[in-house]
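The structure appears right after this line, and notes come after that.
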Amino acid sequence: MNTKESKPWYKKWWVWLIIIIVLIGIGGAAGNKNDTATKTGSNDNSASEKRAEEKTEFKVGETATFDNKSITVTDVQRNYDTGNQFAQPESGKEFVIITVNITNNSDKTLDYNTYEFKMQDSNGVQQSEAITALSEGKLNSGSLAAGGKVTGKLAYEVPKDDAGLKLLYQNFSFFDNKAITFNLQ
């Protein structure tokens, strides 16, 4: 009678040999991929150099296109009156309404979020949207189907007559930390 017990599959030497060979193959393929990217020619810039050259500051009416999306600030309304006696700016401040268009240029669904936008004043103070200032036409968070477009308004409470206002866009993506600035003068 044979009393020798069979080892589990994961304790056999040949299983580990196969795993090591596969890992070496994956590492070699990744190394070759990087080599071909650096050998593409003397006239080609690397992806990081191209990204450094990309425009990151825009004016009202200019379209920022990146990561399969386009964002345009189409209008800036200063001294906005809410028409509500309870939703008024603090003394020395005003409400500014920014109209934004977002277009999905990809073939996949694109999420957008109002928290990706902040207002920066001439003192460098950055703030999130003033939620109570706007009731109609507000840009909400959501998703855009492939080729979809959305237009909406963002409201901010800023120092009155501040000439250095900027709308900042910062993507929440884990893979890309793209920052765009719209100068609102």
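Just so you know, all these numbers are worked out from the coordinates, no wet-lab data involved. Nothing here was measured: the structure is a model prediction, and the numbers come from that model. Methodologically, a virtual Cβ is constructed for each residue, glycine included, from the backbone with ideal geometry; neighbour enumeration extends over all protein chains shown.
The table below lists the values:
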{"item": "Mean Cβ count within 10 Å, highest first, over the residues of peptides 140-149, 71-80, 124-133, 98-107", "result": "98-107, 71-80, 124-133, 140-149"}
{"item": "Gain upon complete extension [Val125, Asn183; 0.36 nm per residue less C-alpha separation]", "result": "19.4 nm"}
{"item": "About the Cα centre, charge dipole magnitude for the stretch 58-183 (Lys/Arg +1, Asp/Glu -1 at Cβ), debye", "result": "200"}
{"item": "Filter on Lys118/Lys160; Lys108/Lys166; Lys138/Lys178 - keep pairs with C-alpha separation over 20 Å", "result": "Lys108/Lys166; Lys138/Lys178"}
